[in-house]
1. Under 14 Å between alpha carbons, and skipping anything fewer than 8 positions from LYS171 in its own chain: which aspartates and glutamates qualify?
2. So which aspartates and glutamates pass the test for LYS24, namely a Cα distance under 18 Å, with those fewer than 8 places away in the same chain ruled out?
3. Multiply the residue separation of SER169 and LEU63 by 0.36 nm, subtract the distance between their alpha-carbon atoms, and state the gained length in nm to one decimal.
4. By how many nm would the segment from GLN45 to ALA141 lengthen if fully extended, with 0.36 nm per residue of separation less the alpha-carbon distance?
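Read-outs throughout are calculated quantities, based only on the coordinates presented, and are distinct from any laboratory measurement. Small disclaimer: the values here were computed from a predicted structure and weren't measured.
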Amino acid sequence: MENNPSSSRTDTKSIEQNRRNQMKDLFSKLNSVVPHQSSREATSQPDKIGEATNYIKNLQIKLEKMKEKRNNLIDIERSKNASMNMGLKSPQFKIQQMGSALEIVLVTGMDCQFMFAWQNIFFLTETIRALQEEGYDIVNASYTVVENAVFHTIHCQVGGSANGALRISEKIKKYLNGC
């Protein structure tokens, strides 16, 4: 191993030159990202670094405020949706008799779709059973999804007594209160 002082000096000089070029490149990139001040006088490198540091800190503060605002808006939206859906948590129904036809409309939330949920399939079965016990013939059963609500409709032909709609309404209320 030979110790050559001129060789080590050249290596040190080269390393230092590379380091300075890298720093110059990094300063150039930093300067291109930070918005320029409208000052006519030239600013020193330490002043530019200070401005960049302040700019980055301000951006971080703005980012935190925006995150907080976004979270608040998300919370407001969730509570708004929850309050809208609260009215739909328990199913609502309407029975309408039109001449010899009877229409039952059940409105539920998306999470309570009786065509798929076990408890609500049982409700549909109980409603159909009550209709048949009162002598109604089921003509059609369908459902429609509108936003967060599901409208289930059963059309029947009157074949039973005049008070059948009232008794069916009472049976449905009794079942819904038991759920």
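1. GLU126, GLU133, GLU134
2. GLU16, ASP47, GLU51
3. 32.6 nm
4. Fully extending the segment from GLN45 to ALA141 adds 26.8 nm.
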